[in-house]
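These notes are about the structure you will find just below.
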Amino acid sequence: MLFEVFTKTVLLFGSPVWGPSLLSHTHPLTEDRLGPVGTFYRSCLRQLLTIPRGVRNEMVYLLAAQPPLQVTLTKNIHRYVSGLQHNPRLASELAHWVRTIDDSTGRTCMTLAGMVDITALFPDVTSIYRTWYTYARS
């Protein structure tokens, strides 16, 4: 689908770095805390399929055959952290870089602990989708 190639890739660029600050660390797939990013994603789906604004978000995802953005974001974070676990030097450089940003701005942009929390909830990438399908059916 062209939507995934053009819109979704641009929207999620760098998401392993900024994504953990938007996701709930305890329920990343069920709580929608994505704010303007999630709203833009859903509005793009609505415009592509000409779905009126009164239709619930869950129905938009089903009609578009697309998972919520939280699912893709969680998958991206999981893959990124898995790569960091296999490359300790990259992980230490990233930790130093994050500390530098936090010190200069005075606020936390992301935390490695948040990334690890999300990754710990799912043993592999396929479990992210299995968990989401379980929530979607209930």
- Taking into account only those residues within the range 49-82 that are farther than 21 Å from Val10 by Cα and within 19 Å of the chain's Cα centre (by Cα), which is modelled with the lowest pLDDT? Ser82
- Result of the Cβ filter at 6 Å on the range 45-62, keeping first residues that are under 16 Å from Leu34 (Cα atoms) and partners that are in a helix (DSSP H, G or I) and of a type in the set (Gly, Ala, Ser), at least 6 apart or interchain, is Leu45/Ala64
- Check on Val98, at pLDDT 70 or above and either crowded, with 18+ Cβ neighbours inside 10 Å or in contact with a Leu (Cβ under 8 Å, 6 or more places away or on another chain) (or both): no
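The values are calculated or read from the model by the stated rules, or taken from the named source; none is laboratory data. For clarity, every value in this text was computed on a predicted model and none was experimentally measured. Counting neighbours? That spans all protein chains shown, and the Cβs are built from the backbone with ideal geometry, glycine included.
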